[in-house]
Amino acid sequence: MTSPLEGRWQPLYAELDGEQAPQEVLQQTEFELAAGIYTVRFGGVAADTGSFTVETDAAHQLTLHGAVGPNAGRTIPCLFKFIDDTLMVCFGLGGSRPKNFRTAPGAQLYLVTYRRR
């Protein structure tokens, strides 16, 4: 059985350390989770790939393991939750798992709300 996380996701809103990402960037971005592999595409081209695990010991925790692209060799712990038909993910870019779904200057957190494509 596949996870409800699996699929292709289009960002609707994103912020990095409290700063909103430009809509024109979000419109060119896609996040896909499938069979333990994540892929971030920009303009239809794979820009970042690796594996992912959904933590079984704690609810709503996801961990990305970068293999190719700007996150190669990095482990990115995340929190996720579903809100109606959207998926919200908070990425801990500094290597620590986020404690909530908020960002702030210098926190090294990337918060994204996606809708399924």
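Here, each number is a calculation from the coordinates, and none is a lab measurement. Given the structure is predicted, the values throughout are model-derived calculations rather than measurements. Positions of Cβ are backbone-derived with ideal geometry, glycine not excepted, and every protein chain shown enters the neighbour counts.
Within the stretch 45-60, track down each residue that is farther than 22 Å from Leu26 by Cα, exposed (fewer than 13 other Cβ atoms within 10 Å of the Cβ) and of a type in the set (Val, Ile, Thr).
Once the filter is applied, which keeps residues that are farther than 22 Å from Leu26 by Cα, exposed (fewer than 13 other Cβ atoms within 10 Å of the Cβ) and of a type in the set (Val, Ile, Thr), the stretch 45-60 yields Thr53, Thr56.
I'd like to verify a number: residues in the stretch 75-117 that are among the basic types (Lys, Arg), free of Cβ contacts under 8 Å to residues at least 24 places away in the same chain and over 17 Å from Glu55 (Cβ atoms), how many?
So the answer is 1.
Would you check which residues across the stretch 97-112 are closer than 26 Å to Gln27 by Cβ and loosely packed, with under 15 Cβ neighbours inside 10 Å and list them?
Result: Arg102, Ala104, Pro105.
Name the single residue that is nearest to the chain's Cα centre (by Cα) among those in the stretch 16-51 being within 12 Å of Tyr114 (Cα to Cα) and not hydroxyl-bearing (Ser, Thr, Tyr).
Once the filter is applied, the top-ranked residue is Phe31.
Any residue at all in the stretch 55-64 that's assigned to a strand (DSSP E or B), out of contact with any Ser or Thr (no Cβ under 8 Å at 6 or more places or on another chain) and small (Gly, Ala, Ser)?
No; the residues of the stretch 55-64 include none that is assigned to a strand (DSSP E or B), out of contact with any Ser or Thr (no Cβ under 8 Å at 6 or more places or on another chain) and small (Gly, Ala, Ser).
Anything in the stretch 3-27 that is out of contact with any Pro (no Cβ under 6 Å at 6 or more places or on another chain), surrounded by fewer than 14 Cβ atoms within 10 Å (Cβ to Cβ) and part of a loop (DSSP other than H, G, I, E, B)? List them, or say none.
Selection gives Ser3, Pro4, Pro22.
Out of curiosity, is Ala67 surrounded by 11 or more Cβ atoms within 10 Å (Cβ to Cβ) and hydrophobic (A, V, I, L, M, F, W, C)? If you could, list the steps in order and put the result at the bottom.
Values: surrounded by 11 or more Cβ atoms within 10 Å (Cβ to Cβ): yes; hydrophobic (A, V, I, L, M, F, W, C): yes.
Here the answer is yes, as Ala67 does meet what is asked.
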